[in-house]
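Just below is one structure, and these are the notes that go with it.
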Amino acid sequence: MSAKVKWPCKFPDRWTVLPSKRLFPESKDRAPESDEQLSATQEYGVISQAEFMRLAGRRVVQLNQNLELRKRVEIGDFVISMRSFQGGLERAWAEGGIRSSYVVLRPRADLVPGYYQRLFKSVDYIQALQSTANFIRDGQDMNYQNFVLIDLPFPPVSEQFCIAAFLDHETARIDALIEEQQRLIELLKEKRQAVISHAVTKGLDPTVPLKDSGVEWLGEVPAHWVVAGLKWYWSVTDCKHITAEFVDEGIPLASIREVQSRYVALDNAKQTTEVFYRQLIEGGRELVAGDLIFSRNATVGQVAQVANWHPPFAMGQDVCVLKKQYEWLSSDYLQAVLRSPVVMVQLDNLMIGSTFKRVNVEDIRGIIVPMPPQGEQKIIAEYLIEKTEMFNSMLGEAQNTIALLQERRSALISAAVTGKIDVRGWQPPASAPTPELVEEAV
C-alpha cells in the first residue's frame with residue numbers, strides 16, 4: 001500500500017489521530033430491490049432521488065436495471081461520490097439503495113457524524129485528499145484505498161459535539177447573510193432590467209404623448225417614435241462558416257464568450273492567421289467601431305460593441321455583425337434595446353420548442369425595435385450607461401461580500417475541525433435551536 005498522507009496542519013495534543021478505516025470501515029451490504037433510490041449530491045448530501053429532483057427542479061436518469069447490485073445506505077453513513085477529490089464525501093440523510101459504483105462508509109458508533117461532515121469539507125482535508133491522487137489520472141473517481149491513506153483526527157467525543165454545534169450555529173448565520181446578498185443581487189438585476197425596459201419603451205420624458213405601438217407585448221410608446229423591424233435600420237450579416245486555423249500568436253476571433261460585456265473582450269480570444277482573417281472579413285464582415293457583435297447560439301442575445309481602440313479582429317462562429325444603415329444611429333442605444341426584455345421576449349418566442357438555443361439571421365433581422373429620433377437615442381443611451389454602471393457597481397459589491405463570507409465560512413470550518421480554535425464549552429445562545437446536539441443524542 002502507498003505511504004500515508006500527511007495533513008497540512010497539526011492537531012491539538014489532546015486529540016487522537018486514528019486510521020480512517022477504524023473510524024469508517026467500508027460497507028458493501030446489498031440493498032433490497034424495494035429500497036428507495038438515493039442520490040449523492042454535493043449540495044444536499046445523500047438524499048432520496050425523488051427529493052433531489054424536487055429540490056433541484058430537474059429530472060435525473062433513474063436506475064431501473066440491476067437493482068440487486070445497489071449498496072445499502074443507512075442514515076448517518078457517508079458516501080464517496082463522484083469527483084471526491086474536490087470534497088465529495090457526502091453524509092447520508094436518508095436510507096435506501098445507491099449505485100454500486102459508490103463507496104459506502106459506515107461510521108463507528110461512538111463518533112459524531114456532524115463533526116466529520118464538516119471535516120470532510122474542510123480545506124485541509126481536501127488538500128490531503130487531493131495529494132493521494134498523484135498516481136491517478138486527473139478526473140478519475142476516488143476509491144476506498146485513497147480514503148484510507150489519510151489518518152483522521154478523533155477529538156474527545158464531547159468536543160466533537162461542541163465543534164459540530166458551534167459550526168451549525170455559525171455557518172447558519174453566515175449562510176443567512178449570503179442569502180440576503182443573493183436576494184439583493186436578484187433585486188438589483190430586476191431593477192436594472194426595469195430601468196432599461198422603461199427607458200427604451202417609454203423614453204425619459206413622462207409628459208410626452210403616447211401611441212399604441214401595434215405590438216401586443218410592447219404596448220404604448222412615445223407618439224414620435226418609430227416601431228419597426230431591425231433590418232430597416234441595421235444590417236445583419238452572419239459570420240463566415242469556415243473552420244479557421246488557430247495559432248498562438250495571430251489575429252483575434254470574437255465568438256460567444258467574447259460578447260458578454262459592453263465591449264468585445266479579446267484578452268482570451270482564440271487567434272488565427274492573416275490568411276484566414278482575410279477570408280473571415282469578406283462580404284462586408286470587416287469590423288469597425290460602432291458595429292455590434294450578436295450571439296445567435298447558446299447565449300442567444302448577448303451583444304457587445306466594437307470600439308475604436310480594438311485591434312483588427314474577425315468574427316468566429318455562432319455570432320453575427322450588426323452594422324448601421326444610417327450614421328446617426330446610436331450603438332449604445334441599440335445595445336440597450338437588444339439586452340432589454342423588449343428583445344428577450346421575442347428571442348424566447350423564436351426559440352420555443354427548439355432543442356438548442358439558437359436563432360437564425362433572418363429572425364434577428366425581423367426583431368421589432370422602438371426607434372427614437374437621433375438626439376433622443378443619444379440621451380437615453382447616456383442615461384442608461386450611467387444607471388447600469390451604478391447597478392453594476394452595487395452588484396459587484398454584493399458579489400464581493402458573498403465571496404468574503406464564503407471565505408470566512410471556509411476558514412471558520414477549517415479552524416474549528418482542526419482545533420485551531422478551541423470551542424470546548426461553547427454554548428449556543430438561549431434562543432438558538434441545537435439540531436445537531438438533539439440528533440446525536442437520539
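When DSSP beta bridges are restricted to pairs lying wholly in the chain, around 90% turn out antiparallel.
Taking Lys and Arg as +1 and Asp and Glu as -1, the other residues whose beta-carbon sits under 10 Å from that of Gln37 total 0. Look at the dipole of the chain built from charges on Cβ: of Val60, Gly425, Leu38, the Cα furthest out on the positive end belongs to Leu38.
Magnitude of the charge dipole for the chain, about its Cα centre and with charges confined to Cβ atoms of Lys, Arg (+1) and Asp, Glu (-1), is about 640 debye. Positive-end ranking of Val200, Leu210, Tyr263 along the dipole of the stretch 195-300, with charges on Cβ about the Cα centre, is headed by Leu210. Straightening the chain between Ser101 and Arg262 buys 53.3 nm, computed as 0.36 nm per residue apart minus the Cα-Cα spacing.
Say the dipole of the stretch 226-371 comes from +1 at the beta carbon of Lys and Arg and -1 at that of Asp and Glu; which of Ala307, Met371, Gln325 then lies farthest toward its positive end? Selected residue: Met371. Adding -39500 (n - 2.57) for every DSSP H run of four residues or longer, then dividing by how many residues the chain holds, sets the calculated 222 nm ellipticity at -11500 deg cm²/dmol.
Between Lys357 and Asp29, the FRET efficiency estimated from the beta carbon spacing at R0 = 35 angstrom works out to 0.20. In this label model, Lys270 and Asp205 are separated by 4.9 nm, measuring between points 7 Å along each Cα→Cβ vector.
Helices of the chain meeting both criteria, an alpha-carbon length of 30 angstrom or more along the long axis and an average Kyte-Doolittle score not below -1.0, with helices taken as full DSSP H segments, are 157-202, 374-417. Cα centroids of the stretch 173-189 and the stretch 339-398: 26 Å apart.
In a Gaussian network model over the chain where Cα atoms closer than 10 Å are linked, find which of Leu69, Leu55, Leu210 has the largest mean-square fluctuation. Fluctuation is largest for Leu55. The alpha carbon centroids of the stretch 4-34 and the stretch 246-312 are separated by 53 Å.
For the pair Glu220 and Ala3, a Förster radius of 51 Å applied to the C-beta separation gives a FRET efficiency near 0.10, rounded to the nearest 0.05. With a point put 7 Å past each Cα toward its Cβ, work out how far Ile385 is from Ile75 in nm, to one decimal. Between Ile385 and Ile75, the label points sit 6.1 nm apart. Among the listed values [x] 214; [y] 163; [z] 259, the one matching volume of the Cα convex hull per residue in Å³ as calculated from this structure is [x].
Among beta bridges from DSSP that stay inside the stretch 198-319, the antiparallel ones total about 80%. Note on Lys240: lysines with a C-alpha under 17 Å away, same-chain residues under 8 apart excluded, are Lys270, Lys323.
Cβ crowding within 10 Å ranks Met394, Met315, Met142 as Met394, Met142, Met315, fewest other Cβ atoms first. Between Glu407 and Glu245, the contour length at 0.36 nm per residue exceeds the alpha carbon distance by 54.1 nm.
Comparing mean-square fluctuations of Ala128, Ala254, Ala430 from a GNM of the chain with C-alpha springs under 10 Å, the top value falls on Ala430. Comparing Glu274, Glu220, Glu258 in a Gaussian network model of the chain (Cα springs below 10 Å), the most mobile by mean-square fluctuation is Glu274. Taking a point 7 Å out from the Cα of Asp175 in the direction of its Cβ, the residues of the stretch 89-124 whose backbone N falls within less than 16 Å of it are 90-94, 114-122.
Values in this text are rule-based calculations from the coordinates and carry no lab data. Quick caveat: nothing in here was measured; it's all calculated off a predicted structure. All Cβ positions, glycine included, derive from the backbone under ideal geometry; neighbour counts span all protein chains shown.
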